[in-house]
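The values are calculated or read from the model by the stated rules, or taken from the named source; none is laboratory data. This structure is a prediction, so every number in the text was calculated from the model and none was measured. Glycine gets a Cβ as well: all are built from the backbone with ideal geometry, and neighbour counts include every protein chain shown.
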Amino acid sequence: MAHSRLATPGATIAVLRAHDIQTRKSLGQHFLVDDNVVGRILALADLRGDEPVLEIGPGIGTLTVALCEAAGTVVAVERDERLLEILADTTAGCDRLSVVHADAVSVSPTELVTPLGPPAALVANLPYAVAATVVLRFFEVLPSLRFAVVMVQSEVADRMSASPGCKAYGAYTVKLNLHACSAGRFNVSPGCFLPPPRVESAVLRLERIGVPAPSEYVEAAACMADAAFAQRRKTLRNSIRFTLGVPSDVIDAVLSSAGLDGGRRAEMLTIPEFLRLGEAALRYGLLP
């Protein structure tokens, strides 16, 4: 049994031709045409049937129609005005769906509230150009978001799930992992899309961490991660000192307070260590 009637090359081409639509590379539009992948996304999401779900970049509704069967409610954010009419046709009869015409990078969380409440899950084949930004943003601005299952470029998935010491581990990894951590992944080949992207893709499940740190420490840790990784080849002490332009004795006091060796490099620090660094930076007035 098909998960989505639109998840084939023939069905997708027919819909696009019927509406005289061409894909826009500037929006990172690559339509999923493999129903097996839709099924694996649903399996990784493991929806209970009563969650309010957020989808970003629904396109012609390929994943949307499957989500409407599996979720309690679905709110889909689509930036491309040309696709709104298509969505209205392909999702006709999906009474659990509401579509918001907006840019996911700037849409207000208040626009995403469904009859069942704010989104508990983000499940989407994300526009690749904004995927990393969107995932981090919604974990930051939607406290209701318990998990995300997202299709992204494979290298972005690597950054999202990297561990300390890995080449892919950087400031973005730290900032995301202050909110959520990786809990499952599978890869998707370019041939599963129309048109095929020039990059490998992956579907990643991210789950919000159980007991978040105080918000002021999270924000401070994110700022210190940016400073620590700004000059990646330098030691932690020197990268922060040069990036923030503060005296050596202040940096030394902050690092000592956090229990950190300034001779280490940023990529070796764990999330708890970045939180300690952020807390110490606040204590010594290093951050506003």
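Okay, residues lined up against (1) farther than 25 Å from Phe186 by Cβ; (2) crowded, with 19+ Cβ neighbours inside 10 Å; (3) among the β-branched types (Val, Ile, Thr):
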site	(1), (2), (3)
Gly10	no, no, no
Ile13	yes, no, yes
Ala18	yes, no, no
Val65	no, yes, yes
Ala71	no, yes, no
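Listed here are the residues, each with its yes/no results for (1) aliphatic (A, V, I, L, M); (2) assigned by TED's automatic domain parsing to the domain that holds Cys192; (3) closer than 20 Å to Gly184 by Cα.
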site	(1), (2), (3)
Glu55	no, yes, yes
Arg79	no, yes, no
Asp89	no, yes, no
Val99	yes, yes, no
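Only one entry in Ala104, Ala71 is within 19 Å of His30 (Cα to Cα), among the small types (Gly, Ala, Ser) and at pLDDT 95 or above, namely Ala104.
Show the residue pairs meeting these rules: Cβ distance below 7 Å; 6+ apart or different chains; first residue within the stretch 77-96 and closer than 22 Å to Pro52 by Cβ; second residue among the hydroxyl-bearing types (Ser, Thr, Tyr) and surrounded by 11 or more Cβ atoms within 10 Å (Cβ to Cβ). That search, which allows pairs on different chains as well, returns Thr91/Thr64; Arg96/Thr73.
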